[in-house]
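The values are calculated or read from the model by the stated rules, or taken from the named source; none is laboratory data. Note that the coordinates shown come from a computational prediction; the quantities given were computed from them, not determined experimentally. Counting neighbours? That spans all protein chains shown, and the Cβs are built from the backbone with ideal geometry, glycine included. Side chains are part of the model used for accessible areas, which takes the heavy atoms of the whole protein and leaves out ligands, DNA and RNA. Shrake-Rupley method; radii C 1.70, N 1.55, O 1.52, S 1.80 Å.
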Amino acid sequence: MEVSSSDLEDLIRIYVEAFREFPWREVYSPEEVRATFDEVLCWPETIFLVARDLEGRPIGAGIAFGAVRKNWLRPHLAERMQTALFISELFVDPAHRDRGVCRELVVRLLRAARDAGHKEIVV
C-alpha cells in the first residue's frame, strides 16, 4: 500500500499526538513511529487507509495486516491465521474526534478486508 511521504509525515505527527493523550498516555518518538509504518507498509497484505478533512489533509488512519504477523494470535486462530486480518491501529487527530471518522475508517477497513478475501477480522 502506498502512502505519500507528506501524508506519512502528517500521520506520524497525528499518531504521536493521539496516543500521548488519555486513555493511552503512550510516548512514541516520530522516528519509532516512522520505522513501524515503514515496516508495515512493506507487507503486501497491509491495508493502510487515510482519513482526510474537507481540504484533503490527513486527519487519521486505520491500519490492518495479516494476523500471521502476530505470533501471539496463533493459539486463538490456529488454522484460520492465514485468512484473518488484524486491525492494528486506528487513530484520529484530537481536533477531529467525535465526528465519526474512526467509525468510517472501521467500515472502510472491513470492506477492504472482505474485498481482499479475508475471512475473519481480529482486533
Antiparallel DSSP beta bridges within segment 37-123, percent to nearest 5: 80 percent
Cα-centred dipole magnitude for the chain, charges only on beta-carbon of K, R (+1) and D, E (-1), debye, nearest 20: 560 debye
Fraction of alpha-carbon pairs over 15 Å apart in segment 20-69 - percent: 62 percent
Compactness of segment 50-123 - radius of gyration and Dmax, Cα, Å: 14.0, 44
Degrees separating the helix 30-42 axis from the principal Cα axis of the chain, which is the longest one: 40 degrees
Per-residue ³J(HN,Hα) for segment 82-90, Karplus 6.51 cos²θ - 1.76 cosθ + 1.60, θ = phi - 60°, Hz, x for Gly and Pro: 5, 10, 8, 10, 9, 7, 8, 9, 9
Built amide H within the under 5 Å cut-off of residue 89, gap 5+: 63
FRET efficiency, residue 13 to residue 114 (Cβ-Cβ, R0 25 Å, nearest 0.05): 0.20
11 Å beta-carbon shell around residue 101, net charge (K/R +1, D/E -1): +1
Heavy-atom surface of the chain, accessible at 1.4 Å and reported per residue (Å²): 60 Å²
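For segment 68-123, give the magnitude of the charge dipole about the Cα centre (Cβ charges: +1 Lys/Arg, -1 Asp/Glu; no others), in debye to the nearest 20. Before the final figure, lay out each step's value.
Numbers: 11 positive and 7 negative charges, 25 e Å.
That gives segment 68-123 a dipole magnitude of about 120 debye.
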Calculated FRET value between residue 82 and residue 34, using beta carbons and R₀ = 22 Å, to 0.05: 0.15
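Looking at segment 38-117, which GluC sites (Glu not before Pro) are in a loop (DSSP not H, G, I, E or B) and have at most 14 other Cβ atoms within 10 Å? The partial results should precede the final answer.
Values: sites: 39, 45, 55, 79, 89, 104; in loops: 45, 55.
When the GluC sites (Glu not before Pro) of segment 38-117 are filtered for loop state and at most 14 Cβ neighbours within 10 Å, 55 remain.
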